[in-house]
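The values are calculated or read from the model by the stated rules, or taken from the named source; none is laboratory data. These numbers were taken from a predicted model, which means no experiment stands behind them. A quick note on method: Cβ atoms are made from the backbone with ideal geometry, for glycine too, and the neighbour counts reach across all protein chains shown. Accessible surface is based on the protein model in full, side chains and every heavy atom, while ligands, DNA and RNA are left aside. Shrake-Rupley method; radii C 1.70, N 1.55, O 1.52, S 1.80 Å.
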Amino acid sequence: MNATHRYVPRNYRWFNKLLKWTLGAWLRRAYRVESRGGEFLKTLKPPFIVVANHVTTRDPFILGPLIRQPVYWVTGDGAMRTPLLGKILRFVGSIPKTKAIPDMQTINWIVEVTRKRKGVVGVFPEGQATWDGRSLPVLPATAKLLKLLKIPVVAARISGGYSSLPRWTWKRRPGRFVVDWKLALEPAELKALTAEEIVARLESAIGHDECAYLEAEPQEFESRRMAEHLELSLFMCPACGSIGKLKSFRSRFNCLACGEALALDGRYRFRRLGGGEPAFTTIRDWDAWQEKTFAAAAARAAAERPEAPFLSDPGALLLRGRKTRPLRRVRAGTLLLYRDRLELATHFGSRLSFPLAEIEGANVYKRNLLEFYVGRTLFQARFPLRATSARKWCMGIEALKAP
């Protein structure tokens, strides 16, 4: 069952009900889930498709139990490789999808579930979970898929979910996790609207800004480790511009290069230790600055120091595989990013080189694993420390590949 071509999504109803009564019930209590406006789901008959903003790794297991029918969630194929989680996802009929790369097999499975089995499919149109609480752009391919299916589209907008479990941490923070439901698109509308108009409707239906939400509905998220592992997301210091020198400890966030010391409170607001105003008070604003400044730094380094690496992290372990098949160890060494290639300088003195022009689908799996494709082969880089940001590598590859 490891090979993708042998896997067929099948949703075992008995297991789905068991999951709702156990894991689903625990998640509703642990995350204080509040469902609003979903009364129409009691009478809506399948097939239909559920779309939602993606904020936590637990989104499918929280949203699924709120719908009467079993939901076939489109899931990154990396999750299907995990031994225990992979078995659970197979039992609930998850549809594997290769991140950031078109996958016809995924589309064929979605068509089969909705047209032949009259089932319900769940999709996260952004393609990945948010790093800063802002919704990402909807992938244009989603609109094309919806026009092909021509079935009702149910939208779930999650508020408070990012603050309950940000993508960059392993520790949940008790607060309110609110899900607002609406019937976003009818079949007749899908037929009449253009793909661009459908994307606009989806972004309106599920678009969310967590910072704006917390300003409108203030609340405290309880944790003694508010900033723990924030450097997985924010890796560039606004005070000195250094990359990879930010370190978290409980609710503190410090720069080892310049000594900038910050604290993150229960409303996700930064304050500067020792007095004075921080450069940014929210993760959202810091991240927006980082995105532009980091890309400019990569371009400048490529122009001024073309033979020097822009990024470097020692102790990386490189693995190789394909889709849902188990990954196998390749080599370990120092990972280096140059203006035109990604290299692994192994402990034995050899170098594995991957031209950036051949790298596709670079993404962060889970919180801190770098994945990318070269042809049909998947590579995954694992770092020895949890605090090493794979996101900076993904953004660096994208910046240096940009024309």
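Given the criteria closer than 18 Å to Pro65 by Cα, among the charged types (D, E, K, R), touching a Ser or Thr at 6+ places or on another chain (Cβ under 9 Å) and at pLDDT below 95, does Arg172 qualify?
no
Quick one: would you say Gly93 is at positive phi and either over 20 Å from the mean Cα position of the chain (by Cα) or not β-branched (Val, Ile, Thr) (or both)?
Yes, satisfied.
What are the pairs, 6+ residues apart or on separate chains, where a residue within the stretch 137-164 that is at positive phi has its Cβ under 6 Å from a residue that is open to solvent by less than 20 Å² (accessible area, probe 1.4 Å) and assigned to a loop (DSSP other than H, G, I, E, B)?
Cβ pairs passing all conditions: Gly160/Gly175.
Within the stretch 200-258, can you find the residues that are part of a loop (DSSP other than H, G, I, E, B), among the hydroxyl-bearing types (Ser, Thr, Tyr) and out of contact with any Lys or Arg (no Cβ under 9 Å at 6 or more places or on another chain)?
The one that is part of a loop (DSSP other than H, G, I, E, B), among the hydroxyl-bearing types (Ser, Thr, Tyr) and out of contact with any Lys or Arg (no Cβ under 9 Å at 6 or more places or on another chain): Ser242.
With in a helix (DSSP H, G or I), open to solvent by 40 Å² or more (accessible area, probe 1.4 Å) and of a type in the set (A, V, I, L, M, F, W, C) as the only criterion, which of Ala303, Ala297 stands out?
Ala303
Quick one: how many residues across the stretch 394-403 are open to solvent by less than 60 Å² (accessible area, probe 1.4 Å) and either of a type in the set (D, E, K, R) or more than 15 Å from Glu360 (Cβ to Cβ) (or both)?
Residues that pass the stated criteria total 3.
Of (1) in contact with a helix residue (DSSP H, G or I) (Cβ under 6 Å, 6 or more places away or on another chain); (2) open to solvent by 40 Å² or more (accessible area, probe 1.4 Å), Phe235 satisfies all except one. Which?
Failed condition: (2).
Kindly indicate the residue of the stretch 208-228 that is over 18 Å from Phe280 (Cα atoms) and either among the β-branched types (Val, Ile, Thr) or open to solvent by less than 30 Å² (accessible area, probe 1.4 Å) (or both) and also nearest to the chain's Cα centre (by Cα) among those meeting that condition.
If we take residues in the stretch 208-228 being over 18 Å from Phe280 (Cα atoms) and either among the β-branched types (Val, Ile, Thr) or open to solvent by less than 30 Å² (accessible area, probe 1.4 Å) (or both), then His208 is nearest to the chain's Cα centre (by Cα).
Just one of the numbered conditions (1) open to solvent by 60 Å² or more (accessible area, probe 1.4 Å); (2) assigned to a strand (DSSP E or B) is not true of Leu262; which one?
Going through the list (1) open to solvent by 60 Å² or more (accessible area, probe 1.4 Å); (2) assigned to a strand (DSSP E or B), Leu262 breaks only (1).
I want to confirm something. Restricting to the stretch 320-331 and keeping residues that are open to solvent by 30 Å² or more (accessible area, probe 1.4 Å) and in contact (Cβ under 8 Å) with a residue 24 or more places away in the chain, which single residue is nearest to Ala303 (Cα to Cα)?
Arg320
Please identify the pairs in which a residue from the stretch 277-301 that is of a type in the set (Ser, Thr, Tyr) has its Cβ atom under 6 Å from the Cβ atom of a residue that is crowded, with 19+ Cβ neighbours inside 10 Å, counting only partners at least 6 apart or on another chain.
Thr281/Phe270; Thr282/Cys211
What is the residue count in the stretch 20-32 for residues that are touching a residue at least 60 places away in the same chain (Cβ under 8 Å) and open to solvent by less than 30 Å² (accessible area, probe 1.4 Å)?
So the count comes out to 2.
Provide a single number: the residues in the stretch 360-403 that are within 16 Å of Leu232 (Cβ to Cβ) and among the hydroxyl-bearing types (Ser, Thr, Tyr).
3
I need every pair where a residue in the stretch 238-249 that is under 22 Å from Thr169 (Cα atoms) and touching a residue at least 60 places away in the same chain (Cβ under 8 Å) has its Cβ under 9 Å from the Cβ of a residue that is open to solvent by 50 Å² or more (accessible area, probe 1.4 Å) and outside any strand (DSSP E or B), sequence separation at least 6 or different chains.
Matching pairs, first to second residue: Lys247/Leu256; Ser248/Arg225.
For the stretch 175-189, which residues satisfy the criterion of being at pLDDT 95 or above and either on the phi > 0 side of the Ramachandran plot or surrounded by fewer than 21 Cβ atoms within 10 Å (Cβ to Cβ) (or both)?
Scanning the stretch 175-189 gives Val178, Asp180, Lys182, Leu183, Glu186, Pro187, Ala188, Glu189.
Kindly state which strands (runs of 3 or more DSSP E) lie completely within the stretch 332-386 and contain at least 2 residues that are open to solvent by less than 50 Å² (accessible area, probe 1.4 Å) and among the β-branched types (Val, Ile, Thr).
Here the list reads 359-365.
Looking only at the stretch 34-82, count how many residues are part of a helix (DSSP H, G or I) and open to solvent by 50 Å² or more (accessible area, probe 1.4 Å).
The number of residues fulfilling the criteria is 3.
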